[in-house]
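The values are calculated or read from the model by the stated rules, or taken from the named source; none is laboratory data. Everything quoted here is computed from the prediction, not taken from an experiment. Cβ placement follows ideal geometry from the backbone for every residue including glycine, while neighbour counts extend to all protein chains displayed. Please note that ligands, DNA and RNA were not included when accessible areas were found on the heavy atoms of the full protein model with its side chains. Shrake-Rupley method; radii C 1.70, N 1.55, O 1.52, S 1.80 Å.
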Amino acid sequence: MPIANRLARFFRQFLCCACLCLVWAGTAAAADKLLDLGAPFQPGELTSNERTFLQAGLILYADYDGPLNGDWNRETQAAMERFFATSNLPGPVPNWAALLMAFDTDSVFQVRRWKSHHLDHMGISLLIPFANLEVAENNVSFKDLDSSLEYEIFRNSKARMDKYHSRDPADVASIEKQRDEAVWTTTASYEDRLVYIYSQRLDDGRWATVGIYASRDDARDFALVKASIMRGYREPVTASDRLNKGIDHVVLKLDRLARAQEAAAEEGIPAEPNADEAARNAVATGFAVSSQGHVLTSLHALEGCAGLKVSGHPASLTARDPEFDLALLEVPGLTVENPAAFARAPAALNMDVTVAGYPLSGILGGFNVTRGAVTSLKGLAGTGVTVQISAPVQQGMTGGPVVNHQGEIIGVVAAKLDAKKVAEIIGDVPQNVNFAVSGEIAQLFLFQNGITPSRAPEQAVMVPERMADHLSGFTLAIACKDAGN
């Protein structure tokens, strides 16, 4: 689903604007005006870097094609208002809406690992998605494997640079050129692709050139990179601590509102089933991502199930994503006091991790915890959707949480490498080669399906004994009724 459509769907489906404005209109004036969620968004209250980050969001989601420079003018504000008007939010944009855009922008930036990169030898800065980047052997061209986005970066003479900008193929639909003594740009649009060439003069008389290419399907990625190119050094384009604080404030309010609505509709809470019996019948593991009975797990672990139970409660499959191998279950009557919270930063190489689940239910029949590390930031075939972990994983632990040393979710157990089959092929037995869907992908899946992921506050490292107790609070056993039964 395109990013813009996904965010628009989120607002239409889950944010009843009239209700939220009534709920938050009475929010007391906060010391930080950004935390007055019902108040109109005032870009002047933000720093230049914070405005730059929101401009990046507008480029990705809206029809904003202006600069990425932190200057919030009428064009920028109009683009924001047009976008939210299409999401049933006409009139002045409130702070909570701007913060939700910041949240989604931050999620996408973390998944794609968009970073501002400075080319020292050329004096140019630009945004690059590093999550799944393929660099050519000549080191002057590279491609984003998650999209059609391609880059060329090189230095050449004035004559060669002039020739490079002068190419006007017959199939060009439109072309725009700007020239001055120090900077040349060419923007070309074709039936199926977009091209942008930026060149700037260096002190030695040569010219540094960046070429950006993409299909029309990736026009917003193309626009983001185009807007990010600048002379000199650019500050990192990231969500500030202040924006993250505001995001947490919005999430808390949404959670309270959801709880109030749930309590109003609830007529009674059924008795808790026998948890030990549920563990003995487990075929997979999941973990609570809300206090209202939403459970995240692995999709392939549920194949062939005619019915599901989570910790003994009947459950229904409400959302699935075969590409990411994720499933969302809804479990009426299940209450979890402290659902799982996601880490603010992606998994790092060699990070210590802990995995929880209910393995080998017919033999062990209980809650199990293993420990290991992140051994690669890429999964099978080099995909950026999963990370590789060394923590031991047994049958039945699929779908369980992978957490960092603070107990924050950084992944969802996805698969265990079949050691026997690999040994037959390569003649060696791999040890503890397991995979987990990255926490950023999991957050996007939840956000896409109406669940606002909880983000962990800053907290101290947990001792192992405390970690096990922490994980047991939201890790759940999933039982399956076979379709043939």
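Out of the residues in the range 243-253 that are surrounded by 17 or more Cβ atoms within 10 Å (Cβ to Cβ) and not acidic (Asp, Glu), which is modelled with the highest pLDDT? Outline the logic, then answer.
At the first step, the residues of the range 243-253 found to be surrounded by 17 or more Cβ atoms within 10 Å (Cβ to Cβ) are 243-244, 246-251, 253.
Applying the additional criterion that residues be not acidic (Asp, Glu) yields 243-244, 246-247, 249-251, 253.
Working: LEU243: 90, ASN244: 86, GLY246: 85, ILE247: 82, HIS249: 77, VAL250: 75, VAL251: 69, LYS253: 67.
The residue in question is LEU243.
Among (1) at pLDDT below 85; (2) open to solvent by 60 Å² or more (accessible area, probe 1.4 Å), which single condition is PRO169 missing?
Only one criterion is unmet by PRO169, namely (2).
If we scan the range 103-116, do we find a residue that is open to solvent by less than 60 Å² (accessible area, probe 1.4 Å), more than 21 Å from the chain's Cα centre (by Cα), hydroxyl-bearing (Ser, Thr, Tyr) and modelled with pLDDT of 90 or more? Step through it out loud before you land on a result.
From the range 103-116, those open to solvent by less than 60 Å² (accessible area, probe 1.4 Å) are 103-114, 116; that's our starting set.
Now restrict to residues that are more than 21 Å from the chain's Cα centre (by Cα): none.
There is no residue in the range 103-116 that is open to solvent by less than 60 Å² (accessible area, probe 1.4 Å), more than 21 Å from the chain's Cα centre (by Cα), hydroxyl-bearing (Ser, Thr, Tyr) and modelled with pLDDT of 90 or more.
What do you reckon, is LYS143 without any contact (Cβ under 8 Å) to a residue 12 or more places away in the chain, under 27 Å from the mean Cα position of the chain (by Cα) and surrounded by 13 or more Cβ atoms within 10 Å (Cβ to Cβ)? Don't jump to the end; show me each part of the working.
Values: without any contact (Cβ under 8 Å) to a residue 12 or more places away in the chain: yes; under 27 Å from the mean Cα position of the chain (by Cα): yes; surrounded by 13 or more Cβ atoms within 10 Å (Cβ to Cβ): yes.
When the stated conditions are applied, LYS143 passes them.
Kindly provide the set of residues from the range 335-352 that are among the hydrophobic types (A, V, I, L, M, F, W, C) and touching a residue at least 60 places away in the same chain (Cβ under 8 Å), ordered by number. Working first, answer last.
Residues of the range 335-352 among the hydrophobic types (A, V, I, L, M, F, W, C): 336, 340-343, 345, 347-349, 351.
Within the range 335-352, VAL336, ALA340, ALA341, PHE342, ALA343, ALA345, ALA347 qualify.
Residues are listed down the side, and each one gets a yes or a no for (1) at pLDDT 85 or above; (2) outside any loop (DSSP other than H, G, I, E, B); (3) over 22 Å from ILE229 (Cα atoms); (4) open to solvent by less than 10 Å² (accessible area, probe 1.4 Å):
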{"position": "ASN5", "(1), (2), (3), (4)": "no, yes, yes, no"}
{"position": "GLN55", "(1), (2), (3), (4)": "yes, yes, no, yes"}
{"position": "LEU68", "(1), (2), (3), (4)": "yes, no, no, yes"}
{"position": "ASP71", "(1), (2), (3), (4)": "yes, no, no, no"}
{"position": "SER87", "(1), (2), (3), (4)": "no, no, yes, yes"}
{"position": "PRO90", "(1), (2), (3), (4)": "no, no, yes, no"}
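If ILE441 satisfies all but one of (1) surrounded by 12 or more Cβ atoms within 10 Å (Cβ to Cβ); (2) at pLDDT below 90; (3) part of a helix (DSSP H, G or I); (4) of a type outside the set (Asp, Glu), what's the number of the condition it fails?
Of everything listed in (1) surrounded by 12 or more Cβ atoms within 10 Å (Cβ to Cβ); (2) at pLDDT below 90; (3) part of a helix (DSSP H, G or I); (4) of a type outside the set (Asp, Glu), ILE441 misses just condition (2).
Could you please let me know if LEU202 is open to solvent by less than 50 Å² (accessible area, probe 1.4 Å) and more than 30 Å from LEU46 (Cα to Cα)? Before the answer, list the steps.
Numbers: open to solvent by less than 50 Å² (accessible area, probe 1.4 Å): yes; more than 30 Å from LEU46 (Cα to Cα): yes.
Spelling it out, LEU202 is indeed open to solvent by less than 50 Å² (accessible area, probe 1.4 Å) and more than 30 Å from LEU46 (Cα to Cα).
Which residues, counting only those in the range 220-242, are part of a helix (DSSP H, G or I) and open to solvent by 30 Å² or more (accessible area, probe 1.4 Å)? Lay out the reasoning, then the answer.
To start, the set of residues in the range 220-242 that are part of a helix (DSSP H, G or I) comprises 220-228, 241-242.
Answer for the range 220-242, where residues must be part of a helix (DSSP H, G or I) and open to solvent by 30 Å² or more (accessible area, probe 1.4 Å): ARG220, LYS226, ASP241, ARG242.
Please indicate, with yes or no, whether at least one residue in the range 16-38 is open to solvent by 70 Å² or more (accessible area, probe 1.4 Å), modelled with pLDDT of 85 or more and not acidic (Asp, Glu).
no
So is VAL403 β-branched (Val, Ile, Thr) and closer than 20 Å to PHE474 by Cα or not? Walk me through how you get there before you give the answer.
Working: β-branched (Val, Ile, Thr): yes; closer than 20 Å to PHE474 by Cα: yes.
Judged against the criteria, VAL403 is a match.
Here are the criteria: (1) crowded, with 18+ Cβ neighbours inside 10 Å; (2) of a type outside the set (Val, Ile, Thr); (3) within 27 Å of the chain's Cα centre (by Cα). Tell me which single one ARG216 does not satisfy.
(1)
Being open to solvent by less than 40 Å² (accessible area, probe 1.4 Å), closer than 24 Å to PHE342 by Cβ and in a helix (DSSP H, G or I) is the requirement here; does ALA97 meet it?
On the way: open to solvent by less than 40 Å² (accessible area, probe 1.4 Å): yes; closer than 24 Å to PHE342 by Cβ: yes; in a helix (DSSP H, G or I): yes.
Considered against the rule, which asks whether it is open to solvent by less than 40 Å² (accessible area, probe 1.4 Å), closer than 24 Å to PHE342 by Cβ and in a helix (DSSP H, G or I), ALA97 comes out as yes.
Out of PHE109, PHE142, PHE103, PHE130, which single residue is touching a strand residue (DSSP E or B) at 6+ places or on another chain (Cβ under 9 Å), of a type in the set (Phe, Trp, Tyr) and within 20 Å of ASP65 (Cβ to Cβ)? Break it down stepwise before answering.
On the way: PHE142 fails: within 20 Å of ASP65 (Cβ to Cβ); PHE103 fails: within 20 Å of ASP65 (Cβ to Cβ); PHE130 fails: within 20 Å of ASP65 (Cβ to Cβ).
Selected residue: PHE109, the only one of PHE109, PHE142, PHE103, PHE130 that is touching a strand residue (DSSP E or B) at 6+ places or on another chain (Cβ under 9 Å), of a type in the set (Phe, Trp, Tyr) and within 20 Å of ASP65 (Cβ to Cβ).
Quick grid of which residues meet (1) at pLDDT below 85; (2) assigned to a strand (DSSP E or B):
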{"residue": "THR370", "(1), (2)": "no, yes"}
{"residue": "LYS378", "(1), (2)": "yes, no"}
{"residue": "PRO392", "(1), (2)": "no, no"}
{"residue": "ILE410", "(1), (2)": "no, yes"}
{"residue": "ALA414", "(1), (2)": "no, yes"}
{"residue": "ALA436", "(1), (2)": "no, yes"}
{"residue": "PHE447", "(1), (2)": "no, no"}
{"residue": "PRO453", "(1), (2)": "no, no"}
{"residue": "GLN459", "(1), (2)": "yes, no"}
